[in-house]
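These notes concern the structure reproduced below.
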Amino acid sequence: MVYHARCHCPCRLYGLELDHGQWPTEVSDLSQSPATDGRAWRHLVALTDPGIPWHPPEAPWTAASDPQELLTGSRGDFPDLQWQLVEPGSASAQLWGELVRRYHPLHSAHMAGPQLRYLAVVHDRIVACLGFGSAALKLAARDQWIGWTPEERTAHLSQVVGNRRFLVLPWVQVQGLASSFLAGVARRLPADWTHRYHEHPVLLETFVEHARYAGTAYAAANWHKIGRSSGQGRLARPHAAAQPVRDIWVYPLRPDFRAALTDGRRTDPIAPGGSRTPSPATPSKKGASRR
């Protein structure tokens, strides 16, 4: 059975009412609708899958997000890089969403849960959009690299923040600027996140699609590649559609991040390149964990 609210809303959107004027409550009912062909039908089948969240259709583009004059040069030519924290519901939030939907490879600006969004500005021109949100619930390579027990992951996952969107606008072609964006926002984010959510983040994470991107900007900004995802998606739903395999990159926000994430049990330093991986934690019978 398709949830009525999930089915009715998309059906009204695409005009998929039945001949007798009723809204369908089963996917099979749609075979009776004259509109169930082409893109609308395929999209509706995806929308009525309980494992796929449905979001309202996005607004059309405005002139504010139209392509602009090419910006070239090197990082040294732009010393006045500034960050603008996007406030929910503001005009900046609308522009951030439109730019990301229009130019980001995912063409989606939706981020659920706690989040911060930034606009990078150079010479009064918006040059990049970044979005941060909650971390992946379970991530084998990350959890092993930190040295987490399941209990520690549950207790401290909120101190890991995910870089969910990173978009350098396509008309910005400035060598070294992308890594400067990442380095600059990493310095600012901890205070902004703590102010808004009263939680102290100690580690950033992100995913880079392995088959398409090398993660050059993250490497140049001193992020560490620690492994690859399993393709299950950020929420690790067992029946969700498979996702592309992605490289996992992390950035410690303070030297003692591992101690903060394990209640002081681990203090392992990061080796050059971030390659050092602690052995998995194994709780003893007394509840303590062995190194």
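The values are calculated or read from the model by the stated rules, or taken from the named source; none is laboratory data. These numbers were taken from a predicted model, which means no experiment stands behind them. Cβ sites come from the backbone with ideal geometry, for glycine too, and all protein chains shown count toward neighbours.
Within the range 150-163, how many residues turn out to be over 15 Å from Glu205 (Cα atoms) and crowded, with 17+ Cβ neighbours inside 10 Å? Let's see the steps before the verdict.
Kept after step one, since they are over 15 Å from Glu205 (Cα atoms), are these residues of the range 150-163: 150-152, 154-155.
When the remaining residues are screened for being crowded, with 17+ Cβ neighbours inside 10 Å, the result is 152.
Selection size over the range 150-163: 1.
Here are some conditions: (1) within 15 Å of the chain's Cα centre (by Cα); (2) in a strand (DSSP E or B). Ile126 meets all but one. Which one does it not meet?
Of the numbered conditions (1) within 15 Å of the chain's Cα centre (by Cα); (2) in a strand (DSSP E or B), the odd one out for Ile126 is (1).
Answer yes or no as to whether Ala178 is touching a Ser or Thr at 6+ places or on another chain (Cβ under 9 Å), assigned to a loop (DSSP other than H, G, I, E, B) and surrounded by 17 or more Cβ atoms within 10 Å (Cβ to Cβ).
Numbers: touching a Ser or Thr at 6+ places or on another chain (Cβ under 9 Å): yes; assigned to a loop (DSSP other than H, G, I, E, B): no; surrounded by 17 or more Cβ atoms within 10 Å (Cβ to Cβ): yes.
It is false that Ala178 is touching a Ser or Thr at 6+ places or on another chain (Cβ under 9 Å), assigned to a loop (DSSP other than H, G, I, E, B) and surrounded by 17 or more Cβ atoms within 10 Å (Cβ to Cβ).
One residue is enough: does the range 122-138 have a residue meeting the conditions in contact with a Lys or Arg (Cβ under 6 Å, 6 or more places away or on another chain) and free of Cβ contacts under 8 Å to residues at least 40 places away in the same chain?
The answer is yes; a qualifying residue exists.
(1) modelled with pLDDT under 95; (2) under 27 Å from Glu69 (Cβ atoms): which one isn't true of Arg212, the others all being true?
Here Arg212 meets the rest and fails (2).
Is there a residue in the range 155-162 that is within 24 Å of Val245 (Cα to Cα) and of a type in the set (Val, Ile, Thr)?
yes
Looking at the range 129-154, which of the residues that are of a type in the set (A, V, I, L, M) and part of a loop (DSSP other than H, G, I, E, B) is nearest to Ser230 (Cα to Cα)?
Checked the range 129-154; the qualifying residue nearest to Ser230 (Cα to Cα) is Leu139.
For the range 88-111, check the following and say yes or no: at least one residue is closer than 28 Å to Val245 by Cβ, in the same structural domain as Arg265 (by TED's automatic domain parsing), at pLDDT 95 or above and assigned to a strand (DSSP E or B).
no
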